[in-house]
Structures are given as C-alpha cells and as structure tokens.
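The values are calculated or read from the model by the stated rules, or taken from the named source; none is laboratory data. Just so you know, these numbers come straight off a predicted model, no measurement behind them. For neighbour counting, all protein chains shown are included, and Cβ atoms are generated from backbone atoms with ideal geometry for every residue, glycine included.
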Amino acid sequence: MLKGRYDEQTEYQVGDVVVYDDGRAYRLRNPAPAGVPPVDTGCWSRLDETLSTCAIWIIESLEALATKAPAKAKGGKAR
C-alpha cells in the first residue's frame, strides 16, 4: 500500500511503499520497528525504476490534491 513520504515515527506493515529522502520508492519486505530507514536492505527493498517512478508520481499527485483549496460554488462562496 502506498503510504507517502517516509516518516521515522510510523511503524509500517510488510508490503507498504514509501518515498524516502533520496527521492526513491521502497517497499517494506520484512517486519521492522518504527525508525528503520528504507535504505536498510535487511527490511526494505528499493522498487525498480519504473515502479518507483509510478509510486512517486501517485504520491506527489495525492499530496498536491490534498493541498488545493476547496472548489468554489457559483456566486464565489466555498462549498
């Protein structure tokens, strides 16, 4: 499951995908406590280039949508 940007305070589940500070996407493949960074190859695997690009694009698109102002109804008032 896509989880967004890596947060060291979050405990991820096996199969979760995050984007790390290096701009690449990683999937948790073995259970790990919160704080284990995605570059730890004992727990995480880097996605191949195509999957990484897709995951990053989706995560960035969702972040952009979340920061947009609410749509305005006719008459200029927010819904």
Seminar exercise, completed: Scanning the range 12-46 for residues that are aliphatic (A, V, I, L, M) and either at pLDDT below 95 or under 13 Å from residue 1 (Cα atoms) (or both) gives 14, 17, 18, 19, 25, 28
For this session: For the range 19-62, enumerate the residues that are surrounded by fewer than 13 Cβ atoms within 10 Å (Cβ to Cβ) and among the aliphatic types (A, V, I, L, M).
Result: 34, 62
Problem set entry | Counted residues, the range 4-18 - those being surrounded by 14 or more Cβ atoms within 10 Å (Cβ to Cβ), within 8 Å of the chain's Cα centre (by Cα) and under 11 Å from residue 38 (Cβ atoms) | 3
Exercise. Does residue 76 count as at pLDDT below 95, more than 13 Å from the chain's Cα centre (by Cα) and either surrounded by 13 or more Cβ atoms within 10 Å (Cβ to Cβ) or assigned to a loop (DSSP other than H, G, I, E, B) (or both)?
Worked result: yes
